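What follows is a set of notes on a single structure, which appears directly below.
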Amino acid sequence: MAYTLNGDSLYQVNYESISKIASLLVLPMPISDSDDTQVYDFGGATRTITITGVIVGTANHTQFKSDFIDDILDGDQSAPVDYVSDTMGGVTYKVKIDNIDTSYRSGVPESLEYTIKMIEADT
């Protein structure tokens, strides 16, 4: 199994962070201690996945991969794409891309480093 995004290999993923948070409504009670706080879970939950990695190949190959990743974040993500996490034994998440950072080391166009932040999504 391998890390993939929209069916395409992400090559060497060095780090993966998965967090899930609730959107809680927290209402502290006036003139009361914290054990009297009212907490409501009206907002649902959000899962965020952040990965960092590197793609190594020819300069043309790394540029092609950079363009492929960048093209997913096009300002019109109408449907989520599949992200397959090898860390969890091939778990597939439906995601939309929130943020992409790519960089090349000076003078080394054969090595593309990337960070991708994704949000699990249904639509």
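Quick notes
- Search result, residues across the range 76-109 that are surrounded by 14 or more Cβ atoms within 10 Å (Cβ to Cβ) and over 17 Å from ASN14 (Cβ atoms): GLN77, PRO80, VAL81, TYR93, LYS94, VAL95, LYS96, ILE97, ASP98, PRO109
- Remark: ILE49 falls outside the filter, which requires a residue to be without any contact (Cβ under 8 Å) to a residue 40 or more places away in the chain and under 15 Å from the mean Cα position of the chain (by Cα).
- Criterion: more than 20 Å from TYR3 (Cα to Cα) and in contact with a strand residue (DSSP E or B) (Cβ under 8 Å, 6 or more places away or on another chain) - qualifying residue of VAL95, VAL39, VAL81: VAL39
- Scanning the range 25-41 turns up no residue that is within 18 Å of ILE119 (Cα to Cα) and surrounded by 11 or more Cβ atoms within 10 Å (Cβ to Cβ).
- Filter pass, THR62 being of a type in the set (S, T, N, Q), touching a residue at least 60 places away in the same chain (Cβ under 8 Å) and surrounded by 10 or more Cβ atoms within 10 Å (Cβ to Cβ): no
- Restricting VAL95, VAL56 to residues that are within 15 Å of the chain's Cα centre (by Cα) and either within 17 Å of GLU16 (Cβ to Cβ) or of a type in the set (A, V, I, L, M) (or both) narrows the list to VAL95.
- Within the range 67-92, the set of residues being in contact (Cβ under 8 Å) with a residue 40 or more places away in the chain and more than 16 Å from the chain's Cα centre (by Cα) comprises GLY89 only.
- Yes/no for THR52 being over 12 Å from TYR114 (Cβ atoms), surrounded by 11 or more Cβ atoms within 10 Å (Cβ to Cβ) and not charged (D, E, K, R): no
Read-outs: derived from the displayed coordinates by stated rules, not from any lab. Fair warning: this is a prediction, and the values are worked out from it, not measured in the lab. Quick reminder, even Gly has a Cβ in these numbers, built from the backbone with ideal geometry, and neighbours come from all protein chains shown.
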